[in-house]
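Input: a single structure, listed below in structure tokens.
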Amino acid sequence: MIVVPSGVRVWLAGGVTDMRCGMNSLALKVQEGLGRDPHAGDLFVFRGRRGDLVKCLWHDGLGMSLYVKRLEKGRFVWPTPADGAVAISAAQLGYLLDAIDWRNPQHTFRPRSAG
């Protein structure tokens, strides 16, 4: 689990991203595509084409980290922003990473009960 300190801004990059991109390529996308500084301490989240994979890029002041999460079932809920990025809160990021619609907290996938 990613523990995001208070004051860290979380940005969802609009559209889809090539999930073959690594840390340097994603930092370049932040810099050129979103017009933001990838080393400023903000957390940037990117989604793959199928919607079941996200990558989070974050510079915590000591170094750059790249987190990856893939869902076995369902898809991540993603906005379609006009400006290329949407700011969300750390709590909404927690919902997103748990496959819950961060705009309306309900699971996008619910496993069947064992009984």
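Enter the accessible area per residue of the chain (Å², integer; probe 1.4 Å; all protein chains in place).
Values: 7100 Å² over 115 residues.
Using a 1.4 Å probe on heavy atoms only, each residue of the chain averages 62 Å².
Restricting to Cα pairs below 8 Å that are 6+ residues apart, what does the relative contact order work out to for the chain? Please round to a whole percent.
Details: 194 pairs, mean separation 30.5, N = 115.
Answer for the chain is 27 percent.
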Starting from the amide H of S65, placed 1.01 Å from N in the peptide plane, find each other amide H under 5 Å away whose residue is 5 or more places distant or on another chain.
W58, H59, D60
Which loop-located trypsin sites (Lys or Arg not before Pro) does the range 1-68 contain, where loop means any DSSP state but H, G, I, E or B and the Cβ has at most 13 other Cβ atoms within 10 Å?
R20, R49, R50
Measuring from label point to label point, each 7 Å out along Cα→Cβ, what is the R20 to R49 span in nm?
1.0
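So, with a 1.4 angstrom probe, what is the percent of accessible area on the chain that is carbon and sulfur? If you can, show how the numbers build up before the last one.
Numbers: 3430 of 7100 Å².
After summing per-atom areas, the C and S share lands at 48 percent.
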I need the phi-derived Karplus couplings for the range 56-65: 6.51 cos²θ - 1.76 cosθ + 1.60, θ = phi - 60°, integer Hz, Gly and Pro marked x.
10, 10, 8, 9, 8, x, 9, x, 8, 10
Would you calculate the separation in nanometres between label points at S89 and R75, each defined as 7 Å from the Cα along the Cα-to-beta-carbon direction?
2.7
Per-residue ellipticity at 222 nm attributable to helices in the chain (runs of n ≥ 4 DSSP H, -39500 (n - 2.57) apiece, nearest 500 deg cm²/dmol) works out to -3000 deg cm²/dmol
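The values are calculated or read from the model by the stated rules, or taken from the named source; none is laboratory data. If you're wondering where the values come from, they're calculated on a predicted model, not measured in any experiment. Backbone-built Cβ (ideal geometry, glycine too); neighbour counts: all protein chains shown. Surface areas here come from the heavy atoms of the whole protein model, side chains and all, with no ligands, DNA or RNA. Shrake-Rupley method; radii C 1.70, N 1.55, O 1.52, S 1.80 Å.
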